[in-house]
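Here the structure is laid out as structure tokens; the discussion comes afterwards.
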Amino acid sequence: MSGQPGRSGGSREHTGGAREGAGRPDDSIEVMPRDASLIARKWRYAEKALAYADEMIERLADLARNAEAEAVKLGAMKELLDRALGKSPQHVDITALRHTEIVYRSAAEIRQALMAEGVPKALLDLQVEDESE
């Protein structure tokens, strides 16, 4: 209901909340100035970091080639590959999240349960040929 006072999209008669004293206190500390949005700050930091990007990649490559400790070499190689190709996806074993055990006494009981779940009867009547013959 746009355009009605007190509704989404409508005009407001007051600001700062519906109750007396609601909203930010006048003496509160401004953590992030309203004129500097979070996105703008992230872009500024990204621009600063880009100034060092080439040098840091060269240093990572140098560590990957010349570090004494194998762990440092491996870490530098992984960082370079992650930046070049993207990080590999983490695999999650969803079978470990929830375990449900269902016990059936017969093939007919399994067939009934599948039909109750909406599996078409025609699919349940298929006969699989034994390849060992």
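Going residue by residue through region 51-59, is there one that turns out to be modelled with pLDDT of 85 or more, part of a helix (DSSP H, G or I) and of a type in the set (Val, Ile, Thr)?
yes
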message: Please determine whether any residue of region 90-100 is part of a helix (DSSP H, G or I) and at pLDDT 85 or above.
response: no
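The values are calculated or read from the model by the stated rules, or taken from the named source; none is laboratory data. Because the structure is predicted, anything quoted here is derived from the model rather than measured.
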